[in-house]
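For reference, the structure discussed in these notes is given below.
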Amino acid sequence: MTSCEIEHKPPITIALLGAPNCGKSSLFNALTGGRAKIANYPGVTVEYAVGNFETKSGQNIRLMDLPGIYGDCGHSADERVTLDAIHGRLEGERAPEALIVVMDAAQIRTHLHNVLQAKNYGLPMIVVLNMMDMAARDGVDIDLHKLEQEIGVPVITSVAVRTAGRQALVDKLEDWGQEIIAGNASTPKSDGDSLKDLQRKARVITRAYVTSPKAQSITTKIDNVVLHPVFGPILLLLIMFVMFQAVYAWSAPFISLLEGLTSSVGTLVGSFLADGWFKSLLVSGVIDGVGAVIVFLPQIIILFMFILALESSGYMTRAAFLIDSLMAKVGLNGRAFIPLLSSFACAIPGIMAARSIENERDRLTTIMIAPLMTCSARWPVYFLLVGAFIPSAKLGIFNVQGLTMFGLVIIGVIFAFLAAFVLKKTLLKGGKPTLLLEMPSYKIPSLKGYLLGLWQRAMIFIKRAGRIILPASIIIWFLSTYPNNDGVIRNSFAGMIGRVLEPIFAPIGFNLEMIIALIPAMAAREIAVSSLEITYGIESAGENASAIQSAIAMDWTLPMGLAFLAWFIFAPQCLSTLAITRKETNSWKWPLIMFGYLFGLAYLAAGLTFWGAKALGW
Amino acid sequence: MTETNHIETTLFNLDKHRPARICGFGSASEHEQIRLREIGFAEGDLVEILHVGLFGRSPLNVKLHGTAIAMRPNEAKMIRVIPADLHRDVGVETGSTNLEVCDIHGLPTSAEKPCCGACGSTSK
C-alpha cells in the first residue's frame with residue numbers, strides 16, 4: 001500500500017451508544033467540535049447527529065451521536081432512531097462499522113447489563129466509562145482490569161468535558177480505527193439474549209469488581225431538601241420567581257444601552273442619506289424593525305443564564321418530580337415534562353423531544369400542548385407590551401413587571417394542563433401513566449460549556465433577527481409604505497390586508513396596526529414587535545421611531561394592550577410549529593386541531609380581557 | 001386481595017428509608033417487566049424509597065445502586081420486595097449473586113410455598 005492510498009482512506013463510521021444522560025453528546029461535541037445540545041437530564045438527544053473526528057495519523061472517523069437507549073426493544077420513537085441507526089436502516093446512512101458504548105462510571109451497577117446487551121449487535125466495540133471524576137467524587141471504586149476481562153471488550157476511562165480526560169480514548173481510536181479499516185477488529189462474544197440472564201451476569205461482575213460507597217451521596221443529601229414534600233415546591237416557586245425578577249432587575253441598563261445604540265445608528269445612517277425611499281427603508285424598515293427585537297437580547301440572555309444553569313445542574317428532573325403528581329392528575333405522562341421544558345426555548349425541539357414518550361396518545365397530547373409553553377420568540381412581545389402597559393413599580397420587594405411576566409408564563413402552563421385534561425378525556429383517551437425517570441447526580445457545569453451554551457442561545461436569537469426578522473421587516477416596510485407613501489397605514493397595502501381582517505379582530509379590541517402585526521408574526525412571533533415599530537414609525541414620519549413603547553402606550557388603551565398580551569399567550573402563530581407537528585404526527589389532522597383550538601383560545605382570551613377590562617373602567 | 005406471604009410487599013407499600021430486596025415483578029406485563037429491567041431493576045437488587053410526593057405517595061424516588069429513579073405508584077406496585085431486615089441477606093450488600101434470592105435463601109415460609117411463588121399469580 002502506498003502512502004497515497006492512506007491519504008484517501010474512506011472514513012469509517014463509529015456510533016456512540018449508551019443509556020440516556022451518560023454523556024454521549026458531551027463526548028461527541030468534544031471530539032467532533034459539534035454543537036449538539038447537552039444538559040443534565042435524560043432524553044436531551046432525540047435525533048442522530050454525525051460529526052468528523054480526525055486521528056493524529058490523519059484517519060477520518062465519522063462519529064454518530066445517538067439518542068440514549070436502555071435496551072434493544074425500541075419502545076419509543078427516539079429509541080427506534082438509535083436502533084435504526086445501528087442496523088443501517090436510516091435513510092442515507094449505512095450501518096456503523098463499530099460501536100463506542102458509553103456508560104456513566106458511577107452507574108455501572110445499574111447499567112452494565114445494557115453494555116452486555118450491546119455485544120449482541122455483533123459489531124466491534126469498546127466501552128467508555130465516562131464521568132470518572134464524578135464516580136471518584138462519590139467514592140465508587142472500579143477494578144478496571146478485571147472489568148475489562150469480564151466484559152470481554154476494551155474498557156477506557158474518560159472525562160468527556162476535559163481534554164486530558166479524553167486522551168485515552170483519542171489514543172485508542174488511533175489504533176482501533178486502523179483495525180476497523182483493516183477489518184480485523186474483533187467482535188465481542190454474545191452473552192445471550194435473555195435480559196434476566198444478562199442482568200444476572202452483570203450483577204456477578206459488579207459485585208466482585210465495583211465497590212460503591214455506603215454513605216449517603218451528596219446528591220441524596222441535596223435531594224432531601226430539594227425533593228422535600230413541603231420545602232421542595234416552595235424552593236421551585238422561589239427559583240422561578242427570582243428568575244423573572246432578575247430578567248427585569250438586571251437587564252435595564254443593558255436595554256437602554258442597546259436602545260440608545262439602535263437610535264444612534266438610525267440617526268447616523270439617516271444623516272448621511274437624503275430623504276427618500278432608500279433612507280426610509282434603511283432607517284424605518286431595517287434598523288428600527290430589527291433593532292426593536294434586538295434590544296431584548298439582554299433579557300433573553302439573563303433568562304437563559306438561569307435555564308442553562310438549572311438544566312446542567314440536574315435540577316430539572318427534580319422539578320419534574322415535584323410537579324409530577326399534578327401532571328398525573330390531568331392525565332399527562334411523566335415523560336412529558338422534558339418536552340414541555342424544551343418548549344420554553346422553542347416548541348420545535350419540544351415537539352421533537354416528545355419522541356421519548358412511548359405511548360402514542362400521550363405523545364400526541366404532549367405535542368398538542370407544547371405551544372402553550374412560553375417560547376423565547378414570545379418574550380420580545382411580552383417585554384414590549386409589559387413595558388408599555390404595566391408600571392415598573394414595586395410591590396413590596398417585587399418588581400410588578402417581573403410578576404406580570406411570571407403570571408403570563410404560569411397562565412400558559414395552567415391552560416396547557418387544562419388542554420391536556422380535556423384531550424385525555426376526549427380525543428386521546430387511554431394510555432398508561434408512566435414516569436420511570438432516572439434522576440441524575442448533581443453536577444457543577446463546566447464554565448466553558450455553560451458559556452458556550454449561553455453563546456449558542458444568544459446566537460440563535462441574533463441569527464433569527466438576521467434571517468427572519470430582517471427580510472420580514474423589509475417586506476412590512478414596503479407593504480406599509482406603498483402604494484401611496486403618504487404615511488397613512490390605512491391606505492397602504494398592509495392597511496388593505498388589515499382592513500379585510502378588521503371585522504374579525506375589531507370586536508376584540510385590535511386596531512389596524514395590531515392586526516397587521518399578527519400576519520408576519522406567523523413566520524416568527526417576535527416580528528409582531530418589528531411590525532408595530534415599523535408601522536408606528538412610518539406614521540410618525542420617522543420621528544421618535546425607537547420610542548415604540550411610548551407610541552403604543554399613547555395610541556392604545558389599557559384594555560387593548562392587555563387583550564394583545566392575552567392573545568399572545570395562546571396565539572397559534574408559528575408556521576414552523578405547525579410544520580413540525582405535521583411531520584412528527586405524520587398527519588394534517590393534528591396541526592389543524594392545534595391551530596383551531598389555539599386560535600379559539602387566543603380569540604376568547606383576548607376578547608374576554610378586552611371587554612372585562614373595559615367593564616372595569618380601565 | 002389476600003396476601004399469601006406476610007413479609008413480602010410491593011415497593012409502593014414499602015416504608016420510606018427501609019431497604020428491601022426485589023424478589024419479582026408480580027403484576028407487570030412482559031412489556032412492563034422489560035422496561036423495568038432495562039432501566040436497571042433486577043431480582044436481588046437492594047432498593048430504598050428516598051423521597052415521596054406530598055399526596056398519595058406519588059411520585060416516588062427510589063434508590064437503586066448508585067442511581068435514583070423516579071416512578072409513579074402504578075410502576076412501584078409492580079415491583080415485589082422483601083424488606084432487607086427480614087431477609088437472611090440482611091445488610092449484606094454483596095450478598096447473593098443468584099437473582100432468585102427467594103429460592104436460595106429460603107425465607108420463613110413453608111417449603112411447599114417458596115416465596116417467589118407468592119410474588120403474584122402471573123409470576124413464573
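The numbered conditions (1) surrounded by fewer than 21 Cβ atoms within 10 Å (Cβ to Cβ); (2) of a type in the set (Lys, Arg); (3) in contact with a His (Cβ under 9 Å, 6 or more places away or on another chain) are all true for A:Arg203 except (1). For the stretch A:241-257, a residue qualifies if it is in a helix (DSSP H, G or I), surrounded by fewer than 17 Cβ atoms within 10 Å (Cβ to Cβ) and under 27 Å from the mean Cα position of the chain (by Cα), and the qualifying residues are A:Phe241, A:Val242, A:Ala249, A:Ala252, A:Phe254.
Criterion first (among the acidic types (Asp, Glu), modelled with pLDDT under 95 and out of contact with any helix residue (DSSP H, G or I) (no Cβ under 7 Å at 6 or more places or on another chain)) does B:Glu32 satisfy it? Please lay out each step first, then the result.
Numbers: among the acidic types (Asp, Glu): yes; modelled with pLDDT under 95: yes; out of contact with any helix residue (DSSP H, G or I) (no Cβ under 7 Å at 6 or more places or on another chain): yes.
Against the criterion (among the acidic types (Asp, Glu), modelled with pLDDT under 95 and out of contact with any helix residue (DSSP H, G or I) (no Cβ under 7 Å at 6 or more places or on another chain)), B:Glu32 qualifies.
For first residues located in the stretch A:146-172 and at positive phi, partners that are basic (Lys, Arg) and in a helix (DSSP H, G or I) and lie 6+ apart or on another chain with Cβ distances below 9 Å form the pairs A:Gly152/A:Lys119. Taking the stretch A:107-128 as the region of interest, how many residues are assigned to a strand (DSSP E or B) and either within 8 Å of chain B (Cβ to nearest Cβ) or surrounded by 24 or more Cβ atoms within 10 Å (Cβ to Cβ) (or both)? The number of residues fulfilling the criteria is 3. Count of the stretch B:33-62 residues, restricted to those that are free of Cβ contacts under 8 Å to residues at least 40 places away in the same chain and either assigned to a loop (DSSP other than H, G, I, E, B) or within 27 Å of A:Gly232 (Cα to Cα) (or both), is 17. In the stretch A:339-355, the residue that is nearest to A:Val46 (Cα to Cα) out of those that are crowded, with 24+ Cβ neighbours inside 10 Å and modelled with pLDDT of 90 or more is A:Ala353. Reported count of residues in the stretch A:379-397, each being assigned to a loop (DSSP other than H, G, I, E, B) and crowded, with 18+ Cβ neighbours inside 10 Å, is 1.
Look through the stretch A:398-436, keep the residues that are of a type in the set (Phe, Trp, Tyr) and within 22 Å of A:Ala319 (Cα to Cα), and return whichever of them is modelled with the lowest pLDDT.
Taking the stretch A:398-436 and keeping what is of a type in the set (Phe, Trp, Tyr), we get A:398, A:406, A:415, A:417, A:421.
Add one more test, that the residue is within 22 Å of A:Ala319 (Cα to Cα), and what stays is A:406, A:415, A:417, A:421.
On the way: A:Phe406: 91, A:Phe415: 96, A:Phe417: 96, A:Phe421: 95.
This residue is A:Phe406.
A:Asp133 meets the conditions (1) under 30 Å from A:Ile444 (Cβ atoms); (2) part of a helix (DSSP H, G or I); (3) within 12 Å of chain B (Cβ to nearest Cβ); (4) not hydroxyl-bearing (Ser, Thr, Tyr) in every case but one. The failed one is (3). Looking across the stretch B:56-70, the residues that are within 9 Å of chain A (Cβ to nearest Cβ) and farther than 19 Å from A:Val225 by Cβ come down to B:Gly56, B:Ser58, B:Leu64, B:His65, B:Gly66, B:Thr67, B:Ile69.
Tell me, which strands (runs of 3 or more DSSP E) lie completely within the stretch A:1-103 with 3 or more residues that are in contact (Cβ under 8 Å) with a residue 60 or more places away in the chain and either more than 24 Å from A:Ala135 (Cα to Cα) or touching a Leu at 6+ places or on another chain (Cβ under 8 Å) (or both)? Break it down stepwise before answering.
Numbers: elements: A:12-18, A:49-54, A:60-65.
Counting at least 3 such residues, we get A:12-18.
If you go through the stretch A:284-322 and pick out every residue that is touching a Ser or Thr at 6+ places or on another chain (Cβ under 7 Å) and of a type in the set (Asp, Glu), you end up with 1. The residues on offer are B:Gly40, B:Gly53, and the sole one that is modelled with pLDDT of 50 or more, buried (at least 21 other Cβ atoms within 10 Å of the Cβ) and either more than 10 Å from chain A (Cβ to nearest Cβ) or more than 16 Å from A:Gly334 (Cβ to Cβ) (or both) is B:Gly40. When residues in the stretch A:545-589 are screened for being out of contact with any Ser or Thr (no Cβ under 8 Å at 6 or more places or on another chain), closer than 30 Å to A:Val269 by Cβ, of a type in the set (Gly, Ala, Ser) and buried (at least 22 other Cβ atoms within 10 Å of the Cβ), 0 of them pass.
When the stretch A:214-240 is limited to residues that are within 8 Å of another protein chain (Cβ to nearest Cβ) and part of a loop (DSSP other than H, G, I, E, B), the one that is modelled with the lowest pLDDT turns out to be A:Lys214. Every condition in (1) surrounded by fewer than 24 Cβ atoms within 10 Å (Cβ to Cβ); (2) under 22 Å from A:Leu451 (Cα atoms) is met by A:Gly58 except one, and the failing one is (2).
Out of everything in the stretch B:25-37 that is of a type outside the set (Asp, Glu) and within 11 Å of chain A (Cβ to nearest Cβ), what residue ends up being farthest from A:Gln107 (Cα to Cα)? First the steps, then the outcome.
If we filter the stretch B:25-37 for residues that are of a type outside the set (Asp, Glu), which is where we start, we get B:25-29, B:31, B:33-37.
Those still in the list that are within 11 Å of chain A (Cβ to nearest Cβ) too: B:25, B:29, B:31, B:33-37.
Numbers: B:Phe25: 22, B:Ser29: 26, B:His31: 24, B:Gln33: 20, B:Ile34: 19, B:Arg35: 17, B:Leu36: 16, B:Arg37: 15 Å.
Here the residue is B:Ser29.
When residues in the stretch A:200-230 are screened for being more than 24 Å from B:Arg21 (Cβ to Cβ) and of a type in the set (S, T, N, Q), 0 of them pass. For the stretch A:79-106, which residues satisfy the criterion of being more than 22 Å from A:Leu169 (Cβ to Cβ) and within 14 Å of chain B (Cβ to nearest Cβ)? Hits for the stretch A:79-106 are A:Glu79, A:Leu83.
Any residue at all in the stretch A:534-545 that's of a type outside the set (A, V, I, L, M, F, W, C), in contact (Cβ under 8 Å) with a residue 60 or more places away in the chain and over 22 Å from A:Val286 (Cβ atoms)? Spell out how you get there, then give the answer.
Keep residues of the stretch A:534-545 that are of a type outside the set (A, V, I, L, M, F, W, C), which gives A:535-537, A:539-540, A:542-544.
Filter once more, keeping what is in contact (Cβ under 8 Å) with a residue 60 or more places away in the chain: A:537, A:542.
The next check asks that each one be over 22 Å from A:Val286 (Cβ atoms); those that pass are none.
Looking for residues that are of a type outside the set (A, V, I, L, M, F, W, C), in contact (Cβ under 8 Å) with a residue 60 or more places away in the chain and over 22 Å from A:Val286 (Cβ atoms), one finds none in the stretch A:534-545, hence no.
The values are calculated or read from the model by the stated rules, or taken from the named source; none is laboratory data. Computed from a prediction, not measured in an experiment: that's the story for all the values here. Because the Cβ atoms are built from the backbone with ideal geometry, glycine has one as well, and the counts that use them run over all protein chains shown.
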